[in-house]
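A short reminder: the numbers here are calculations on the coordinates, not readings from a lab. Everything quoted here is computed from the prediction, not taken from an experiment. Heads up, the Cβs are rebuilt from the backbone with ideal geometry, glycines too, and the neighbour counts pull from every protein chain shown.
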Amino acid sequence: MQMSGTTLQQFVPGLQAVGAAMGYSVAVTDLEQYIWYKPSGKLDLGIKPGDPIPDNTAVRRCLEEGRSISLRGDVSTFGIPY
């Protein structure tokens, strides 16, 4: 599903509020790349819009398996463990 910038902007305040309240980083992706990223107060993975979704991430597995995934991220993916 392709989302226009205007449509995405409608969701940004809610996404930021949920992330802040729960202490989570929040990312929006399409099937191949990150579209939007908001780091948590404790962790910034340095993700930029347009960055490809790495193969060894929970996001990639969620997209491939169609379910929620929880895992510890390796330092080799984003340069820091997460």
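Numbers at a glance
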| item | result |
| --- | --- |
| Relative contact order [Cα under 8 Å, 6+ residues apart], the chain, whole percent | 18 |
| Selection of GluC sites (Glu not before Pro), the stretch 6-82, meeting DSSP coil and at most 16 other Cβ within 10 Å | Glu32 |
| Chain lengthening between Lys42 and Phe11 when straightened (0.36 nm per residue, less Cα-Cα) | 8.9 nm |
| Length added when fully stretched, Leu71-Val59, from 0.36 nm per residue minus Cα-Cα | 3.3 nm |
| Long-range HN-HN contacts of Gly73 with modeled amide H, under 5 Å | Tyr82 |
| Charged-residue dipole, Cβ positions (Lys, Arg, Asp, Glu), the chain about Cα centre, Debye nearest 20 | 280 |
| Three-way shape label, the chain, alpha-carbon gyration tensor, a/c 1.5 | oblate |
